[in-house]
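Beneath this line is the structure, given in structure tokens, with notes to follow.
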Amino acid sequence: MTILVLTEPRDVTADLVIAALHDGEARVHRVDTGDFPQSLAVAATLGGHGGWSGVLTDAHRLTGLEDITAVYYRRPSPFRFAGGLDDYERRWAAQEARMGFGGLLASLPVRWVNHPHHMASADYKPRQLAVAARCGLTTPETLITNDPETARSFVAAAPDGAIYKPFHVRPYLDADTGHLMALATTPVTAGQITDAVTGTAHLFQHQVPKDHELRVTLVGPRAFATRIDAHSDAARTDWRTDYDSLTYQPITLPDTLTEQLVSLTSALGLVFAAVDLIVTPDGDYVFLEVNPGGQWAWIEHHTGLPIAAAVAEYLETP
């Protein structure tokens, strides 16, 4: 039995799970897809039973594909290729690596946390919100548009103000400064919306009155819930912008909310998910978003919640 861990070299979150797996005496092969094809090799043949047989080899270890019983898919790096390729050749090689090497791993009939195809699908915020609503969760009033007038009318009608949030939180390269930048949730007024909205899709939401927020880390049917209180204006708008102003407290969720969240992750095809919610001053729960590859190491550090052990236990279960 071998558990394959796919992630970048410096991943503290994966380190915690690997330590828990070693405690259970599981055999672990940690791999970064960024090492393919220069220092990571694969050789596989399709057998008559409909599965792939072969080996995955790096400088430290050789693992038979048939011996892999589970995969922990965290944050593997992009493929890296030898120098001398032009842009076209590099794009072609990357696509072949994704479809060939990536496709081979994705075809393994084992336990995944999470399968990358399910993660990619669950990453779409419009899908998250629609599925959450179907699972009985309360969601904010939301508009997706590239029409400025529609956006202005929606924002102007928000009783407690409105916010803009990006569809993804991955950093981008600022062409003027050369620095990596990331967009956070931002309060917006109708007067701030310009015709530049026509340039792409935008997501606007009515602001939800907030007492505090919750980060709920789900591993299968288990929900590890943490209350997050923000103590700065920036953190109250988006707590990811000011971690130093946050305090944490583990809590127990109402059974109905837990059932709704487990239904959500199940409908999205996820075993693991990090879900963010607002708790209003009236005690109502409002779903914000689900991150299928969300960080949780700092939550375990502050609260002692046994998230790493839960992930390891799931990966080790036959």
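Go through the stretch 210-262 and give me each residue that's within 24 Å of Phe167 (Cβ to Cβ) and in contact with a Pro (Cβ under 7 Å, 6 or more places away or on another chain). Correct list: Thr237 only. Restricted to strands (runs of 3 or more DSSP E) entirely inside the stretch 49-153, those with at least 3 residues that are under 28 Å from the mean Cα position of the chain (by Cα) and either touching a residue at least 40 places away in the same chain (Cβ under 8 Å) or under 17 Å from Pro292 (Cβ atoms) (or both) are 68-73, 111-113, 142-145.
Okay, residues lined up against (1) under 26 Å from Val155 (Cα atoms); (2) in contact with a strand residue (DSSP E or B) (Cβ under 9 Å, 6 or more places away or on another chain); (3) modelled with pLDDT under 95:
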| site | (1), (2), (3) |
| --- | --- |
| His206 | yes, yes, no |
| Pro250 | no, yes, no |
| Leu268 | no, yes, no |
| Ala273 | no, yes, no |
| Asp282 | yes, no, no |
| Gly293 | no, yes, yes |
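Note on the stretch 185-255: enclosed strands (runs of 3 or more DSSP E) holding 2 or more residues that are outside the structural domain of Glu149 (by TED's automatic domain parsing), within 23 Å of the chain's Cα centre (by Cα) and within 28 Å of Ala312 (Cα to Cα) are 212-219, 222-230, 246-251. Close Cβ contacts (under 6 Å, 6 or more residues apart or on different chains) running from residues in the stretch 231-256 that are loosely packed, with under 15 Cβ neighbours inside 10 Å to residues that are at pLDDT 90 or above comprise Thr247/Asp229; Gln249/Arg227; Pro250/Thr226; Pro250/Thr303; Pro250/Leu305; Ile251/Ala225; Ile251/Arg227. Scoring Asp87 on the criteria (1) among the charged types (D, E, K, R); (2) surrounded by 13 or more Cβ atoms within 10 Å (Cβ to Cβ); (3) over 29 Å from Glu313 (Cα atoms) leaves a single failure, condition (2).
Looking only at the stretch 263-315, count every residue that is part of a loop (DSSP other than H, G, I, E, B) and either within 17 Å of the chain's Cα centre (by Cα) or crowded, with 18+ Cβ neighbours inside 10 Å (or both) and tell me the total. Count: 10. Among the residues of the stretch 1-28, which ones are surrounded by 19 or more Cβ atoms within 10 Å (Cβ to Cβ) and within 24 Å of Ala94 (Cβ to Cβ)? Those that are surrounded by 19 or more Cβ atoms within 10 Å (Cβ to Cβ) and within 24 Å of Ala94 (Cβ to Cβ): Leu4, Val5, Leu6, Thr7, Asp11, Ala14.
The values are calculated or read from the model by the stated rules, or taken from the named source; none is laboratory data. The structure displayed is predicted, hence computed values, not measured ones. Here the Cβ is made from the backbone with ideal geometry for all residues, glycine too, and neighbour counts use every protein chain on show.
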